[in-house]
Amino acid sequence: MPPKSKLKPKTKSKTGGGGGGPTPSGPAATAPPDSTTPESSHGSSTPTSTTTASSTATTTTSTSTTTGGAKTESSSISISISNNNTTTTPATTSNAPLPPIDYVGYESEHQLQGMMSLIENDLSEPYSIYTYRYFLHQWPKLSFLAMDREKGTCIGVIVCRLEPHGHSARNRGYIAMLAVSKEYRKRKIGSTLVLMAIEAMKSAGADEIVLETEYTNLSAIALYQQMGFIKDKRLYRYYLNGVDAFRLKLLCKPELLALDPALVQA
Amino acid sequence: MLNLGTSVYPFEDVTDLVDAAAKDMEVGELVQVPSFSLFDAMCAIVIMDPKMDTGMIMDDTATGPVYNINRRVSPTEFIWIFDNILIGQMTWLSGHALSQTLFTSCHILRLLEINQEDDDGESSGLHQDPTQPPRDFLVAVLKSCVLAIAKSCALIWSEMRKGQVYEEEDFMTNKFGVSMFEDIPTASLVAMLDQAEYWMESEGQQWIKYHCGSDAGEVLKGVMERIDYCRSSYMALFQVIAPKCSQYSQAGPQLEAMQTHISGLKATHALGTKVEGAFDHTIHRQLVANTPPRAIALLTFDETIEQLAQMCTDLMSIGKALPFTSSANLVNFFILFGSQKPAPGAFPRSILQTVLYEERIIMGSRKVDDVVRESIQETVSPVTWIFDNFDTLQTRLGGAGNTTPASESHVLATIPELAEDSISAYKMRIQTGVVMFVEKATKPFVDTLHIMGQNTSRQRRNLRKIVQLWETLQEQAEVFDADVHAVLEELRVQHRGDTEEEDQEQPAAPFYFVSWVYHMKLWVMEWLLLLGSELELYSPFEYSMVYAYVDSVLGAHAQHLQRIRSIIESEVLEPEPVDPPLAKETSEESSAKEASELKKKKKKKKKPSNASSAVSTTEKVIEYAKPTRTILMWQFLTSVKMQLTRGVFLVLASLTKAGHLTTTPPHIASHGMNNLEMLFAHRFKAFRLLSSPEALPFDNFLSRLECDGLDSLAILNYATDYFSEAQRALEQLLLLSAAEAQVLLCEDAWRKDIMNMIKVCIASKIGIVGLQKDARMLEFRKSTLEAQKRKLGTSSGGGPKLTTAQIKASSSTSKTTSVPVFKAPVRKVVFEWKYHAWWPVITLAPPPSS
């Protein structure tokens, strides 16, 4: 039967990154009680799009040597980045040396201010500090930062969640926030952060990984599609600015039919 | 500043306490109760953070003057204010918050402050001017018109609160505690509008004549159009939302009048004169919201008029559908209403769902059981006695909607007492089951129609559940059909005993109820799959598997419809007119006649072998039943859709073979299980556990893609054939009348849809001509010919048509042509969806210049 409306938590949209994606919107629409997307009942965020273009970043990309968890993740990532760059044509050929970037795992609240400043620059309306803490305190190992090594500033961040989803009991990873500082875009920083997050979530047992993005944010969609995400659902007027969203999904493990939420609900 | 002395809530400052307690904690430590959810986190607002605290008065907005609501307005200022309120209304209806749309109008929020006595004082300065407009432009005209709009919005709000559409996603119902003057009676509003009109005729027009120069005529028209618009729009909405469609029929003339006045509004919009301060776009600061507002773009006036006119059209079309004549016409109306482009607004969609079903009545006019029964009747034409005694038995079973298994057992137990003979007893047993089945079928049937009133994203998501509903019903139908067969067999035995005829051929078991349910389920499956295309969910590498799947479902549907038709056509009509013929039967006869004509137009179909010999051994003329118009139309349309789908699939297969298109998902990371087989399973998982149709196995898709080893050009030839066939069939469809096509309630939309499909066929054929010149395709052909030469004439030229059987049968082990190593470059494949949202026109971008 038709769903009844009910106010539920919502999502904040985030700005488009690379290539000047669309901006902000806001908490998106609420999900009705019988929604097939329990995701929206938990709130969510739209990741910033990041550039899909390769750059000369290869030579300057380095991995974290800080925390144990993050170190492992970033090491494996560096391999895939290296592989990528062998097959991707560089989009820019600037001769100016680019500042080296370090990728580190989230460690403590000391990093929070830098992360918030970065994300808030891309948002018309900021998250409250509680939203950051909701993610960072429960899933600290699933958040990563890109740091300008010379300046010591946070120039890229990804924040994720991993928990059982709905009736299916599948572990669903969720990319809640992704932001890259404008002047550092087109260096594969966003995609590196996403890959680190995917690896971390997979290691932690993710069966699938999802996120939402504005349906007009073609660069973000292309980035994720290149990583194997598919457009799983379209969410009508998901953002308060009236823009639809796509829910993108990456399958990490085979789906078991008996646990299909749609079937269980039916 | 917070005034603690007047605070409603008890307030205690705990800052020091919390600060002291926090000293015991390390940085990063968090005190969090388990119930503190993401929702709580996201709802938290940081007070005095200008980005989050929308109530905060910023320096740049703090000093704006308050609009004097009793400021006199000239007629042209009235036009401007009115039109901008209308923009607010329609922007609200398009899904935005009242606080950012309608409520930005000071006249809406402070309407009751307008009064005759309070003059506007010194502030406007207008009263110093002898040409100042009379106060009644404000008090009589503007006030009544604004009230009409506000009350119209209140009516819309009351409809939208019914929950037929999705909160925030489709519509925002938050009124922020602001009144829309619901307590002012309709009669008062009408009296005020009458008064406005009277004053305009008696005094207003004189003033306009003397003060508006050469524009006087137009200005007068502009004002009068707006008063008239208010009257007709309010009355139309009032009648449209009246319970149980009790006044919908009267809304028609009002909606027509409203449309006329909308044209009048458009024609006189330019006369408006801006009134500074009449709209306050920071009003949301004073309204309590749980989230800060986001920047929105108001509709333009032209968009407002366009959407308003579309709303009228949609409401009128719903009104015309209320007295529907047949279930098939109703279903077609819903299908075409739900697939309109651009999609209907949330309000008409809500109305559609509200009028569809209320207290077991469909469209305010017919019992749901009758409509479901009719749908079964139109589709599978069961033996006529099966629906006899329906109402009587339904009453015995506890009444519509109240039947229970216990009441069924009770009724079945009493049948021997009720029935005159054993045959009647058998029949009555089945008739009881029919009542129970129809009741079970009500939910899937109504829910399926409800879906058409939802936005397309929700349609797709909810259709997955609808497929399951039909699946469950199909299981129940199978059990019931088995009972029906047992009784039919018993009756046949008894009849044979009476007539001593033993050599008659056994007709196939009819499976009436399963057939109907399965037909509905297949239709929903097709719709679900093709909506994925409409919603742009599929990536190019997935298209071939999607269209292969759609093809397989359409194929199952076509086969099923043919089976239904064969069963109907093998049904021997009772020759003797013993019972008085029912009126229903008369109409069936005429419909059968029309169906027969339709069939002639369509395709000459051979009669079943037993039907061709019309003379039996006893020399009686055996008359066979004819398929209904409904089944013929479904067959026709399903066949056309299959041809279109197959055409698209073959183009995709051809491009895949030539290497222009890949079926391999991108996986630069190889972090996901993103191989095609996994995605295939995911995309079609809603169908994997269905009892029928059999899920298309991934290997079967791969072998279909192989197209029996044909080269790309040969595959394209077959694609052209399919598009040509589809085009011919569609052109024939256009020759049908609305009654024949069963689109009496939506003929224009239906013809438009058919035309769009024809455009896909034409554009695809043109596109294929371009594809045939592609260098890779030609290389492939050359390689094929050379291979054939080597085989020394083992193959003949024109092969047989690539049929379903061939496509299905071709396996990976079959004769696979070796694909050459192409020298020509790969070209970008272009998918064009402008003709139809379900089938793309596929071409290749120009080759990269060397």
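The values are calculated or read from the model by the stated rules, or taken from the named source; none is laboratory data. Values in this document were obtained by computation on a predicted structure and should not be read as measured data. When we count neighbours, we look across all protein chains shown, and the Cβ atoms used for this are built from the backbone with ideal geometry, even at glycine.
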Pairs returned, first residue in segment B:817-844 that is surrounded by 16 or more Cβ atoms within 10 Å (Cβ to Cβ), second residue that is of a type in the set (A, V, I, L, M, F, W, C) and in a loop (DSSP other than H, G, I, E, B), beta-carbon separation under 6 angstrom, 6 or more apart or interchain, are B:Arg827/B:Ala845; B:Val829/B:Leu661; B:Pro840/B:Trp833
Note to self: Condition first: at the interface with chain A (Cβ under 7 Å from one of its Cβ atoms) and either modelled with pLDDT of 95 or more or outside any helix (DSSP H, G or I) (or both). Can you find one or more residues in segment B:652-659 that meet it?
What the structure shows: no
Of the residues in segment B:243-276, those that are within 13 Å of B:Leu308 (Cα to Cα) and among the basic types (Lys, Arg) number 1
Residues of segment B:266-316 being assigned to a helix (DSSP H, G or I), more than 14 Å from chain A (Cβ to nearest Cβ), touching a helix residue (DSSP H, G or I) at 6+ places or on another chain (Cβ under 7 Å) and among the polar types (S, T, N, Q), in sequence order, are B:Thr268, B:Thr304
Scanning segment B:128-162 for residues that are assigned to a loop (DSSP other than H, G, I, E, B) and in contact (Cβ under 8 Å) with a residue 24 or more places away in the chain, the one farthest from B:Ser202 (Cα to Cα) turns out to be B:Lys162
Checked against (1) within 11 Å of chain A (Cβ to nearest Cβ); (2) under 23 Å from B:Asp370 (Cβ atoms); (3) part of a helix (DSSP H, G or I), B:Arg458 satisfies every condition except (2)
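Between B:Thr54, B:Thr6, B:Thr76, B:Thr63, which is touching a Lys or Arg at 6+ places or on another chain (Cβ under 8 Å) and either crowded, with 21+ Cβ neighbours inside 10 Å or modelled with pLDDT under 80 (or both)? I'd like the intermediate steps shown before the answer.
Working: B:Thr6 fails: touching a Lys or Arg at 6+ places or on another chain (Cβ under 8 Å); B:Thr76 fails: touching a Lys or Arg at 6+ places or on another chain (Cβ under 8 Å); B:Thr63 fails: touching a Lys or Arg at 6+ places or on another chain (Cβ under 8 Å).
Unique residue meeting the criteria: B:Thr54.
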Flagged in segment B:179-198 as surrounded by 17 or more Cβ atoms within 10 Å (Cβ to Cβ) and outside any helix (DSSP H, G or I), in numbering order, are B:Met180, B:Phe181, B:Ile184
Per the list (1) part of a helix (DSSP H, G or I); (2) acidic (Asp, Glu); (3) crowded, with 20+ Cβ neighbours inside 10 Å, residue check on B:Glu201 breaks on (3)
When every residue in segment A:209-220 that is surrounded by fewer than 24 Cβ atoms within 10 Å (Cβ to Cβ) and in contact with an Asp or Glu (Cβ under 9 Å, 6 or more places away or on another chain) is compared, the one nearest to B:Leu529 (Cα to Cα) is A:Tyr215
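Quick check on my filter: what residues within segment A:187-205 are of a type in the set (D, E, K, R) and buried (at least 24 other Cβ atoms within 10 Å of the Cβ)?
A:Arg187, A:Lys188
From the set of residues in segment B:675-703 that are among the small types (Gly, Ala, Ser) and within 11 Å of chain A (Cβ to nearest Cβ), which is nearest to B:Ala556 (Cα to Cα)?
Let us first name the residues in segment B:675-703 that are among the small types (Gly, Ala, Ser), namely B:681, B:686, B:691-692, B:695, B:703.
Adding the requirement that they be within 11 Å of chain A (Cβ to nearest Cβ) leaves B:681, B:686, B:695.
On the way: B:Ala681: 19, B:Ala686: 17, B:Ala695: 11 Å.
Out of the qualifying residues, it is B:Ala695.
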Among A:Met147, A:Met201, A:Met196, the single one that is over 26 Å from B:His682 (Cα atoms) and either touching a Phe, Trp or Tyr at 6+ places or on another chain (Cβ under 6 Å) or among the aliphatic types (A, V, I, L, M) (or both) is A:Met147
Of those in segment B:295-337 that are among the hydroxyl-bearing types (Ser, Thr, Tyr) and surrounded by fewer than 20 Cβ atoms within 10 Å (Cβ to Cβ), the residue modelled with the lowest pLDDT is B:Thr325
Expected single match for more than 14 Å from chain A (Cβ to nearest Cβ), under 29 Å from the mean Cα position of the chain (by Cα) and at negative phi among B:Leu189, B:Leu155, B:Leu193 is B:Leu155
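Taking the residues in segment B:20-33 that are part of a loop (DSSP other than H, G, I, E, B) and farther than 14 Å from A:Arg133 by Cβ as candidates, determine which candidate is nearest to the other protein chains (Cβ to nearest Cβ).
Of the residues in segment B:20-33, the ones part of a loop (DSSP other than H, G, I, E, B) are B:23-33.
Cutting the leftovers down to farther than 14 Å from A:Arg133 by Cβ gives us B:23-24, B:26.
Values: B:Lys23: 16, B:Asp24: 16, B:Glu26: 9 Å.
It comes out as B:Glu26.
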Got at least one residue in segment A:163-172 being under 27 Å from A:Gln226 (Cα atoms), in contact with a Phe, Trp or Tyr (Cβ under 6 Å, 6 or more places away or on another chain) and within 14 Å of chain B (Cβ to nearest Cβ)? no
Of all helices (runs of 4 or more DSSP H) fully inside segment B:355-440, the set with 3 or more residues that are surrounded by fewer than 18 Cβ atoms within 10 Å (Cβ to Cβ) is B:390-396, B:405-418
When every residue in segment B:44-95 that is outside any loop (DSSP other than H, G, I, E, B), aromatic (Phe, Trp, Tyr) and away from chain A (no Cβ under 14 Å) is compared, the one nearest to B:Arg226 (Cα to Cα) is B:Phe82
